[in-house]
Amino acid sequence: MRNLLRPYSATSVVKLAFDVTQSVRNDSMIEQLKTWPWLTFLIVKLVLEDQMIPLNAGQQCPLHVFDQCRQLLWDVPRRDDHLGSGGDDSRGNVYLMLRSMVQTQLLFQKNLSWDFIRWPALIARLEPEHPTRVQFENRLGMSPDDFVVLCFSAYATVINGNTIIGPGFFEPFEQGFGVRVARFLGEFSRDLPGLRRELRMALRARIASGKPPRNRQELVEFPWIANYPLLRLPGERYAVWHPIVFARGMETAVHKRLSELKGKYADSFSKVFEGYVLELIADAGLDYLNEQAYKTALGAGKHAVEAIITCSGANVFIESKMTVFSEDLTLSDRAPVVWQNMKRVLEAMNQGWMVSSMLRSGATPAWECTHAVKDYLIIVTSQQINCASAEHFTRMFNRDVFDSARLQAAHKKTPTAEQPEKAAFDERRNCVDR
C-alpha cells in the first residue's frame, strides 16, 4: 500500500483523510461508519511513519488511489499474509477475532460525553502529596483542575462543530493559566513533522524490543492520532482530526500517560479506584459487607472482595481491579495474549470463588450473606475489556474457568475451605493450553 502512495505527498494524503471524514460529519452514524474512519486514519499513520513518502514534495494524491488503499487495508484480515493468519487459528477463535474487530467500530458509535473528566476529577480530590497526584502533575505539568478546565474548553468547541480552533481561542485562558496553556497544547497537538518524529521513535522502540515493525492489531486499533487529537497548523491554529477521535483521545489521555509509570502508578492509584467503586455503591443506597469487616472477622490473610451486597437470597460480590493501560487486552485475537492481560480479572475471579467457599464453610459469623442461595461476581476494571459476562469469558477461552469438577479436584489437596491462590490460578491458566 505504501508503494502506491510514495509518488504523492503525505500532506495531500492527510488532506484527503480530512475531506473523507468531514464530508459525512453531519450524516447518520451508518454513513459515517461507511468511511471506515479507523482505516482512513491508519493510512495517515502509515504515510507519516514512512520516511520514503515526502511530507510536502510529490504529486497530489487522487481520491481513487486513497480509496484503493482503504480497500487494501479492509481486505487484509481476509487473507493470510506476513501479518499472520486470522483469529480462527489454534491460538484464537471466531469470538476473539470478532471481539478485536468490533471494538473500534463501537467506539465510533458511542455518543460524545464528558467521560474525560472522570480520571482527573478522581485525582483532583487527592492530597497534594499523594503519589498519584504528584505523578499527574509531573507528567502533565499542571494540576488536575487545570487540566479539566482546559480540556473542557477545547472539548466544548469540538462538540459545537468547530473543526479549526483559531489563534485567539486560548488567549483568554493565558491570563489565568499562563504556561499551562502551552503545556496542554504541547501535550495534545503535533504538526505533521512532529507526528512523523513520534511515529519513527515508536517504530525504532518496537524494533529494538524485538517486536515486528507491523502487526495485525493496527488494522483494528482506534486511530493512533488520538494520542495527539489536535493537528497543529501554521498561524497558531489547530485542526480537530475527528470529533470522536478527540473525545476518545481525551478520555484515555490521563490513564494512558500515567500508565507509562507501570507499577508505580497502578500501586498508588489502586486504593483510590477501589474507593471510587465503593462510593458508587453507597450512592446507590445499597447496604454491603465491606472488606475490612470481612477480614476483621476472619483474618487479614483471607481472600476477600471489596463489597458483598445481599438481596433476595443472592449475594453480589464487587471487586475492582486497577491495571495499567494495555492495547493488547482489547486488540489481540490470540487467546494466550488476552489471557495474560486478564490476569487481574482472573485474580478477582479467584477471590470471588474463595469468598463463596468461605461463606458456606460454617466458619464465619452469621452474616446475612451466609444464607444466600446464589453468588454473583461483578468485576470493575479500570480499562474497558469488552468482556461483559462469564459467558463472554468462556467463549474467548473455550473452557469454563469455573468448572466445578476441576476446581473441586484442585481443592481436595487441602482440608481448609481455601486453596492457595497459585494453585487455583494455575488451574485456570492451564485451561488455555488444554
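The values are calculated or read from the model by the stated rules, or taken from the named source; none is laboratory data. On a predicted model such as this, the values are computed, not experimentally measured, just so you know. A quick note on method: Cβ atoms are made from the backbone with ideal geometry, for glycine too, and the neighbour counts reach across all protein chains shown.
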Filter region 213-257 down to residues that are assigned to a loop (DSSP other than H, G, I, E, B) and of a type in the set (F, W, Y), then give me how many there are. 3
Could you say which residue among Q103, Q109 is in contact with a Leu (Cβ under 8 Å, 6 or more places away or on another chain), closer than 29 Å to L280 by Cβ and loosely packed, with under 14 Cβ neighbours inside 10 Å? Q109
Are any residues in region 1-33 in a loop (DSSP other than H, G, I, E, B) and more than 28 Å from the chain's Cα centre (by Cα), and if so, which ones? M1, R6, P7, S9, S23
Which of (1) assigned by TED's automatic domain parsing to the domain that holds L219; (2) touching a helix residue (DSSP H, G or I) at 6+ places or on another chain (Cβ under 9 Å); (3) in a helix (DSSP H, G or I); (4) more than 17 Å from I244 (Cβ to Cβ) does R197 not meet, given it meets every other one? (2)
Filter result for the condition that a residue is touching a residue at least 40 places away in the same chain (Cβ under 8 Å) and surrounded by 13 or more Cβ atoms within 10 Å (Cβ to Cβ), over R206, R183: R183
Note on N227: of the conditions (1) modelled with pLDDT of 95 or more; (2) farther than 28 Å from R133 by Cα; (3) not small (G, A, S), unmet is (2)
On the given criteria, is A284 assigned by TED's automatic domain parsing to the domain that holds F184, small (G, A, S) and under 23 Å from S113 (Cβ atoms)? no
For a quick check of your reading of the model, give me the residue pairs whose first member lies in region 114-127 and is in the same structural domain as G141 (by TED's automatic domain parsing), whose second is among the basic types (K, R) and in a helix (DSSP H, G or I), with beta-carbon atoms closer than 6 Å and at least 6 apart or on different chains. I123/R133; L126/R133
Among the residues in region 35-52, are any free of Cβ contacts under 8 Å to residues at least 24 places away in the same chain and assigned to a helix (DSSP H, G or I)? no
Among the listed residues F169, F152, which satisfies the condition of being part of a loop (DSSP other than H, G, I, E, B), in the same structural domain as H242 (by TED's automatic domain parsing) and not hydroxyl-bearing (S, T, Y)? F169
Scan region 57-73 and report the pairs whose first residue is at positive phi and whose second residue is among the hydroxyl-bearing types (S, T, Y), with Cβ atoms within less than 8 Å and a gap of 6+ or a chain change. G58/Y8; G58/S9; G58/S12
Evaluate the following for R133: is it at pLDDT 95 or above, within 30 Å of S270 (Cα to Cα) and under 22 Å from the mean Cα position of the chain (by Cα)? yes
Within region 113-149, the count of residues that are assigned to a helix (DSSP H, G or I) and not hydrophobic (A, V, I, L, M, F, W, C) comes to 13
In this structure, is L96 modelled with pLDDT under 90 and surrounded by 14 or more Cβ atoms within 10 Å (Cβ to Cβ)? yes
Sort through S356, S270, S320 and tell me the only one that's in contact (Cβ under 8 Å) with a residue 24 or more places away in the chain, within 19 Å of H255 (Cβ to Cβ) and in contact with an Asp or Glu (Cβ under 6 Å, 6 or more places away or on another chain). S320
